[in-house]
């Protein structure tokens, strides 16, 4: 019989999907270029030319069996080595290829990480605002998601609330920095305090509490913002990365888990991920993509566009006196909505062809997310419309 | 804490892995060309030239955002359409794009299918000999694998045993034709009888029992062998395919589930797979591969090599009077071992640098599998060695 859990998931009212459907329908009426769609986190930049060149070269020069054959269960060795070297060089770490497990994007990385360090019934703590897909990743592993309410002043971590959330069932804390949806980067102070608390709570409960850090936006950092490498603060850290955003290749599904070399179980977590993969039917990201990315691993798209867009939006918000924590990276901004009910706010915005996402799905009420991975030209055209929406509706 | 289930899986003695490690080590000593390694199902053929050409053309002509951007949750529309059209044309079916869910290989297809039509605790029936990875796919969904003992005469289905295996908990029967490891193709008679039994048992228990058919070898069929399309026999069928073997691109992880249009839940199973994917962190096969394969979907590698290899081995077995059901397709053959203990038999073969896989992991004792996806030249060189092994050891 059909699985009722998954069938029932289809019935859930999904605000983002409704907004996206509205955007598509409206686009057909007035042209999609006239719909100011800030709902989707789909990179708007070209992939680095070096990636395309490397792909073309591989297709021209390599035997198809080498290029498209099965990858070893634990991943392409050259890719793993390149990822480890890149992290060591950039962050002073000491990973080896054996600490890297390639995955289908950061999604696969988080899903594997949670399964590796928990058993069904355990708790995984997430910090609001958090990426809404953490719910299926955590629940898919049979774990219970515990939410720490947001620090709405700075979107760092509300440590008082976090401290109360630990229990003997806590397997891990799952964080996301630079953060989707807030755009905020956790500071060194935040990460130091988090590491201290994790050490203390691990000792209190007599077992290591892991830190899973989801970092697909690690390379999108704005001017003057310090971006500390999370794993260097706490040894029991699994760092989840994706090339989706830095290289603008989200559809190719390439990411990895980097297991801290000093982590408890550092020698077995990657092989365990290989076993987890079997049951999920996941079995490795695409071979040719791994081989190409291995050779251009530090190259990125021209990411400066996102900062330009962020500044345009941030200034508009300031002009309108709308409270907003300035993003330190990503391509998201997370201002306070002009009324308490963020869903109502975003629905009203559609009358101005503005597609904004209410904060409720991210575990906090009264804010909205704008994804500014769109053409700067469109952001510029959208700002007067946004002002019009706010002044006509709320002033 | 580390998940003990996955950690414990690392301790399992894995005969295939041991053999593969022996082959690698021995290859370093005497040159891998002198190790007659028949252990791995890794295609030995070039991908179709049209695939490489299409990939190159896409990289040259398409905007990288179109090429590498996020795919819609339920898959690339053009790929889904091409897959449906191809099946309709070849097998007289009436699929639409809405019945196709693209997956990371047949592995992802089977893993999703089992989850879609079962709940934890349900039973999934497999027919020995069966692909050993069915165990993690079925158990990963929380289901119980029930094994029907092999029909060792013909490697069709032992219906007397199958009939006894159904219970009120049966969610599905999972078959694999053309079969890994036997190489046998289920006949129309077998599939008709199977469909009859599924109808009868569904009625008996008051719920539809699904048929999941794993068909990555569907396009590797030898001369004169009839290869019926499984889904045309029973409406409640989920057909799992992969381009790994037909196009020799296993590392690129592209396959699909095709949900029979008359299946119970035909309208919801693909969207449910989308929900399942979220929890697994699977989220779509690679974009550029889907786009390329969509345009060359009916092209295959020069698959005739496998039949040449099969005939060489089959003749040798006949010369040695070793019982063997002649394969109708795939690149596997599954002869009776020359002693009862197939593991002992395969271990003795290594003294002759022959790497053969004992049948125990496929749910039947006393046979061995040879994967002849190797150069014909190597098969030719291996045959005298195989004869020497048998005559010196057993005659």
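None of the figures in this text is laboratory data; all of them are computed from the coordinates on show. In this text the structure is predicted, and so the values were computed from the model without any measurement. Heads up, the Cβs are rebuilt from the backbone with ideal geometry, glycines too, and the neighbour counts pull from every protein chain shown.
How far is residue B:268 from itself in the other copies, in nm, if each label sits 7 Å out from Cα along the Cα-Cβ line, shortest first?
List, nearest first: 4.0 nm.
If you take every DSSP beta bridge whose two residues both sit in the protein assembly as shown, what share of them, in percent to the nearest 5, is antiparallel?
Working: 30 of 70 bridges.
Beta bridges within the protein assembly as shown, antiparallel portion: roughly 45 percent.
Would you give the gap between the C-alpha center of the stretch A:287-309 and the C-alpha center of the stretch A:1-50, rounded to a whole Å?
Measuring centre to centre over Cα atoms gives 24 Å.
With runs of 4+ DSSP H residues as the only contributors, calculate the mean residue ellipticity of the protein assembly as shown at 222 nm using -39,500 (n - 2.57) per run, divided by the residue total and rounded to the nearest 500.
Values: 28 runs with 326 residues, N = 790.
It lands at -12500 deg cm²/dmol.
Can you sort A:373, B:346, B:284 from fewest to most other Cβ atoms within 10 Å of each residue's own Cβ? Working shown, then result.
Numbers: A:373 20, B:346 24, B:284 27.
The most exposed by this proxy come first: A:373, B:346, B:284.
Using a Förster radius of 45 Å, what is the FRET efficiency between residue B:89 and residue A:73 based on their Cβ-Cβ separation? Nearest 0.05, please. The partial results should precede the final answer.
Details: r = 36 Å, r/R0 = 0.80.
Taking R0 as 45 Å, the efficiency between residue B:89 and residue A:73 is 0.80.
When each copy gets a label point 7 Å from Cα toward the beta-carbon at residue B:163, what are the spacings between them in nm, shortest first?
7.0
Can you give me the distance in nm between label points at residue A:365 and residue B:267, each placed 7 Å from the Cα along the Cα-to-Cβ direction?
Computed distance between label sites residue A:365 and residue B:267 equals 3.5 nm.
For chain A, set up a GNM with springs between Cα atoms under 10 Å and report which of A:266, A:344, A:292 has the largest fluctuation.
Ranking A:266, A:344, A:292 by mean-square fluctuation puts A:344 first.
For residue A:168, put the label point 7 Å out on the Cα→Cβ axis and report which residues of the stretch A:186-224 keep their amide N under 11 Å from it.
Correct set: A:205-206.
With just the Cα atoms defining each centre, how far is the stretch B:115-149 from the stretch A:122-174? Give it in Å.
Spelled out, the Cα-based centre of one part sits 33 Å from the other.
In peptide B:286-297, how many Cβ atoms from other protein chains are near each Cβ within 10 Å, on average?
Counting other chains' Cβ atoms within 10 Å and averaging over B:286-297 gives 3.
Out of B:380, B:146, B:164, any idea which swings most in a Gaussian network model of chain B, alpha carbons joined below 10 Å?
For chain B, modelled as a Gaussian network with Cα springs under 10 Å, the answer is B:164.
With the Cα gyration tensor of the stretch A:327-372 giving a ≥ b ≥ c as the square roots of its eigenvalues, does the rule (a/c under 1.5 for rounded; else a/b larger than b/c for prolate; else oblate) give rounded, prolate or oblate?
On the way: a/c = 2.17, a/b = 1.27, b/c = 1.71.
It comes out oblate by the Cα gyration axes.
Average partner chain C-beta neighbours within 10 Å, per residue of B:13-25?
On the way: counts 0, 0, 0, 0, 1, 0, 0, 0, 0, 0, 0, 0, 0.
Other-chain Cβ atoms within 10 Å of each residue's Cβ, averaged: 0.
Rounded to the nearest 0.05, what FRET efficiency do residue A:394 and residue B:139 have when you use their Cβ-Cβ distance and R0 = 45 Å? Walk me through the intermediate numbers first.
Numbers: r = 55 Å, r/R0 = 1.22.
About 0.25, to the nearest 0.05.
Going by a ≥ b ≥ c, the root eigenvalues of the Cα gyration tensor, does the stretch B:1-139 fall in the rounded group (a/c under 1.5), the prolate group (a/b larger than b/c) or the oblate group? Walk me through the numbers before you get to the answer.
On the way: a/c = 1.91, a/b = 1.26, b/c = 1.52.
Note, shape of the stretch B:1-139 comes out oblate.
Under a crude label model (7 Å from the Cα following the beta-carbon direction), how far is residue A:161 from residue A:56 in nanometres?
It works out to 5.0 nm between the two label points.
Cα centroid distance between the stretch B:62-86 and the stretch B:323-395, in Å?
42
Shape verdict for the protein assembly as shown, please, from the Cα gyration tensor: rounded (a/c under 1.5), prolate (a/b greater than b/c) or oblate. If you can, show how the numbers build up before the last one.
Working: a/c = 1.84, a/b = 1.68, b/c = 1.10.
Prolate shape, in that a/c is at least 1.5 and a/b is the bigger ratio.
Rounded to the nearest 0.05, what FRET efficiency do residue B:21 and residue A:192 give with R0 = 45 Å and r taken as the Cβ-Cβ distance? Could you check?
Numbers: r = 44 Å, r/R0 = 0.98.
Efficiency, from the Cβ-Cβ distance: 0.50.
Please figure out what share of the DSSP beta bridges in the stretch B:49-295 is antiparallel and state it in percent, rounded to the nearest 5. Numbers along the way, then the final one.
Numbers: 9 of 27 bridges.
So the antiparallel bridges amount to about 35 percent of the total.
For the pair residue A:315 and residue A:226, how long in nm is the line joining their label points, each one 7 Å along Cα→Cβ?
2.9
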